[in-house]
Amino acid sequence: ETDRKLAEERFDLMIQGSKEGLWDAQVNADDPFHPQNPIYYSPRLKEWLGYSDEEFPPILKSWADCVWPEDRERVYTALRRHLFEHEPFDEEYRALTKAGEVRWFSARGQAVWDSAGRPVRLSGSFMDITSRKHAEEALRESESRFRRLVETANVVPWEMDFAARQVTYVGPQAVPLLGFPVEDWHRPNFWVDRLHPADQDFVLAICRDTLRSEDSPGDDVEYRLIATDGGTVWVRDIASR
């Protein structure tokens, strides 16, 4: 009896100290997604969703009703594959809180199977990842705005491995600049070979000085490039290491 109480106390402390929401369920292999199937939810999950113990009974329906409708079938499919095909269960999905807020969660689970390979138990954890998802979305929007800006502006974005003298990335705006396809820009020495002979030495010297200096703010230099028709194109190159 003493050992049992000690184990329960340790379990309660673990639940209280965990930053994740925990869950545990006996699995009905014949009907694993019946809404009334019993399941334990730790207080953290109910706290995130904004429900009291009385409002969030320990059955599957409590959680399933919160999962965003567009995500529910995908999560159920992943759970089914874990239970019956032993594929890992690690999903991200949206859930609706009691206050009507959409939040993102990461869920992981691990089943236990009997000797016949039938699932008998499933335990796992939830983590609120809403802040991370919002940050990722903000980054995607920022990158999208930058791409639109670059595509409409009269500039050519580029990156270069100076040691290899090879352009590793160049925007499509480079094509009308010199008349060469983007693939040509990626050839070793292409940019160096297109430098006007009278400008090549001082441009490469500036690049070398920038790479050697830890405090260099970058380059801002004007020089000439040779186009595919042999003509000269003046460019202003603003670069940083």
If you roll a 1.4 Å probe over the chain with all protein chains in place, what percent of the accessible area is carbon or sulfur? 52
In nm, give the distance between the simple-model label positions of Ala64 and Leu204, each being 7 Å from the Cα along the Cα-to-Cβ direction. 7.0
For Arg81, tell me the accessible area in Å² from a 1.4 Å probe, rounded to the nearest 10. 110
Would you kindly state the longest site-free stretch of the chain, with sites defined as GluC sites (Glu not before Pro) in a DSSP loop (not H, G, I, E, B) surrounded by at most 12 other Cβ atoms within 10 Å? 102-213
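Roughly how many Å² is the accessible area per residue of the chain, as a whole number, for a 1.4 Å probe?
Here the residues of the chain average 63 Å² of exposed surface.
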Distance histogram in 5 Å bins (all Cα pairs of the range 58-152, percent per bin): 3, 11, 17, 19, 15, 11, 9, 6, 4, 2, 1, 1, 0
Given a 1.4 Å probe and heavy atoms of the protein chains only, how would you sort Ser115, Ser131, Ser42, largest accessible area at the top? Ser115, Ser131, Ser42
Would you mind computing, in nm to one decimal, how far apart the modelled labels at Glu143 and His186 are, each placed 7 Å from Cα along Cα→Cβ? 1.8
Would you kindly compute the Cα radius of gyration of the chain and its largest Cα-Cα separation (Dmax), both in Å? 29.6, 92
The chain: calculated mean residue ellipticity at 222 nm from DSSP helix runs of at least 4, using -39500 (n - 2.57): -12000 deg cm²/dmol
Once all protein chains are kept in place, Asp184 shows an accessible area at probe 1.4 Å, nearest 10 Å², of 40
Based on the Kirkwood radius over alpha-carbon pairs, what is the Stokes-Einstein translational diffusion coefficient of the range 21-85 at 37 °C with 0.692 mPa s viscosity, in µm²/s? 263
Working with all protein chains in place, sort Thr168, Thr97, Thr77 by solvent-accessible area computed with a 1.4 Å probe, largest first. Thr168, Thr77, Thr97
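What FRET efficiency, computed as 1/(1 + (r/R0)^6) with R0 = 35 Å and r the Cβ-Cβ distance, is obtained for Ile129 and Val221, rounded to the nearest 0.05?
In this case the efficiency is close to 0.20.
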Solvent-accessible surface (1.4 angstrom probe) belonging to Arg140, in square angstrom, nearest 10: 120
Largest first, what is the accessible-area ranking of Leu60, Leu211 with a 1.4 Å probe? Leu211, Leu60
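The values are calculated or read from the model by the stated rules, or taken from the named source; none is laboratory data. Just so it is clear, the model here is predicted, and its values are computed rather than measured. Glycine gets a Cβ as well: all are built from the backbone with ideal geometry, and neighbour counts include every protein chain shown. When the accessible area is computed, the model is the full protein with side chains, heavy atoms only, and any ligands, DNA or RNA have been set aside. Shrake-Rupley method; radii C 1.70, N 1.55, O 1.52, S 1.80 Å.
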